[in-house]
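> Shown below is the structure under consideration.
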Amino acid sequence: MSRLWKLLATMLAISLIAAACGDDDDDGDATAPATTEAPAAVPDDEDEAPVTTAAPATDDVVETQGCDHTFHVITHGDSGVFWSVVEVAVRDAAAAIGCDVVYYGSNNDALAQSQEIEAAIASGSSGIAISLADPAGVSAAASAVVEAGIPLYTLNSGVNNYKDLGAVSHVGQTEIVAGNGAGERFNALGASHILCARQEQSNVALEERCQGLAETFSGTVTSEFVGLDANPDEQQNSIAALLQADPSIDGVLGVGPNLPLRALAAGEQAGRELAIGGFDLSGDLIDAIEAGDVAFTVDQQQYLQGYLPVILMYLQATNQNTAGGGLPILTGPGFVDTGNASVVKALVSQGTR
């Protein structure tokens, strides 16, 4: 069977999985170790070579053989537990299609991300996939992709903007809907005042998670930036200070995989019992969920957010296929809690969840 038909069959299967992931009982996300080099799974086609990777915020050319196309995945990501899984997925997809794929993580620097998009356009890329955490900072460069006649896809963030930019589709979750689900979970936990703790100041997606929480939660929601993931002590101290300033806060939603753990430590520091939820996964977060210290985390399956855009760009370049029909391709939300945490725990160490 040719590689093309294998990829078409794979896309059909993955599309069914992605369509089902909106159920609240989904197995959940996990995260990759923060490594900068790992072997990629090589399919049984005859001409794929091992792939290599470099640290985010640098060009990462996944080297393969036998393909005339080069694709680009350019994100606002860093080398942390979430984006390392996306990068593993990009490597795996590159090996599957046998083409060069350049991955770049700009570490929340919209200017650097825009410059890399412009460089990809100048190189004659066959397809460019970007995250759109900062639409104001990146939209001009994104529009230039479409103006150059290059297929554009958005991933992770950008569900509200991809159509206006002329992107083919978006691969990710609807953040407000994800926040809605978190609000319903906190209602069931009996909380009355939730601190929605954010780790980035200019990320629209994180703000929408807090907005969605407020729409369904029956109590009070306070949304605050509490410091970057690179400064865990600052995050813990900021949350502890907010808890001490307002005794009515009895729950924390961390809109990333690290903040729930900072909230857990801050609660101990402030002498408070808290209902805690999060977004995405890390090994430590799964341990905290299994122990009952964190109630749940929202799963957006970021492996699919790295893998699917590469496959979609390849199929459009080689077979004029598009997917989504003008709608986003949803990878979440689902939820991981004590009922299913053990199922995904082993996959965390493999770097694909």
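Nothing in this text is a laboratory measurement; each read-out follows from the coordinates by a stated rule. All of these numbers come straight from a predicted model, not from anything done at the bench. Heads up, the Cβs are rebuilt from the backbone with ideal geometry, glycines too, and the neighbour counts pull from every protein chain shown.
> Please give me the summed charge of the neighbours of Ile289: other residues whose Cβ is under 11 Å from its Cβ, Lys and Arg +1, Asp and Glu -1.
-4
> Work out, step by step, the length gained on full extension between Ser342 and Gln244: first 0.36 nm times the residue separation, then minus their alpha carbon distance; give nm to one decimal.
31.9 nm
> I want the local charge near Val255. Using Cβ-Cβ distances under 10 Å, sum +1 for each Lys or Arg and -1 for each Asp or Glu among the other residues.
Numbers: positive: Arg198, Arg209; negative: Glu175, Glu200, Glu207, Glu208, Asp280.
That sum, taken over residues with Cβ under 10 Å, equals -3.
> Let me ask something additional. State to the nearest 20 debye the size of the charge dipole of region 157-209 about its Cα centre, where the only charges are +1 on K and R beta carbons and -1 on D and E beta carbons.
The calculation lands at about 100 debye.
> In addition: Can you compute the FRET efficiency between Val146 and Glu273 using 1/(1 + (r/R0)^6), with r the Cβ-Cβ distance and R0 = 51 Å? Round to the nearest 0.05.
Computed FRET efficiency for Val146 and Glu273 comes out at 0.50.
> If neighbour count is taken as other Cβ atoms inside 10 Å, put Phe82, Phe225 in order from fewest to most. Intermediate values should be presented prior to the final figure.
Working: Phe82 24, Phe225 16.
Result, fewest neighbours first: Phe225, Phe82.
> Here is a further query. Give me the one-decimal nm value for the distance between modelled label points at Gln201 and Gln115, 7 Å along each residue's Cα-to-Cβ direction.
2.1 nm
> For region 175-299, what's the relative contact order in percent, using C-alpha pairs closer than 8 Å and at least 6 residues apart? Spell out each step's value before the answer.
Values: 248 pairs, mean separation 30.7, N = 125.
Relative contact order comes out at 25 percent.
> Something else: Return Ile249, Ile289 ranked ascending by Cβ neighbour count within 10 Å, so the fewest neighbours appear first.
Ile249, Ile289
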